[in-house]
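Some notes on the structure that comes next.
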Amino acid sequence: MYKLHEQYPENLVMYGDEGIIISAKHNFAFFGWELARLKGFVKKGATLVHVDSHLDDIHDGIYVSGIRDIKSIEDALCISTKLDHANFIWAGFATGVM
């Protein structure tokens, strides 16, 4: 187990080299998806299976400044901090990862 980023150690933990990321906050799931895309673990247009007990489907995630310009892990992390529990899924649609 190791921290993915010093700035957010309690929110981003990766187990082994399998790409399993545990996140305490919904918006950091977006970071995990982008990390997987940037490292070539997933191709654009991947399928998301989402099971949750509350609404995570607010479309304003597509309007976050810089969402379509992610080129690095730091860019993805920066965008993640601008998202919340309700709009992170639509942000994934905006980048094309899903």
> Modelled label-to-label distance, PHE93 and LYS44, 7 Å Cα→beta-carbon offset: nm?
Replying inline: 1.7
> When Lys and Arg each count +1 and Asp and Glu each count -1, what net charge do the other residues less than 12 Å away from LEU48, Cβ to Cβ, add up to?
Replying inline: -3
> Per-residue HN-Hα couplings for segment 41-56, Karplus 6.51 cos²θ - 1.76 cosθ + 1.60 at θ = phi - 60°, whole Hz, x for Gly and Pro?
Replying inline: 6, 10, 9, 4, x, 4, 8, 9, 10, 10, 10, 7, 9, 8, 6, 10
> What residues qualify as long-range amide H neighbours of VAL97, i.e. H under 5 Å apart, gap of 5 or more or another chain, H built at 1.01 Å from N?
Replying inline: GLY45
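Each value in this text was obtained by applying a stated rule to the coordinates, not by laboratory testing. No experiment lies behind these values; they were computed from the predicted model shown. Here the Cβ is made from the backbone with ideal geometry for all residues, glycine too, and neighbour counts use every protein chain on show.
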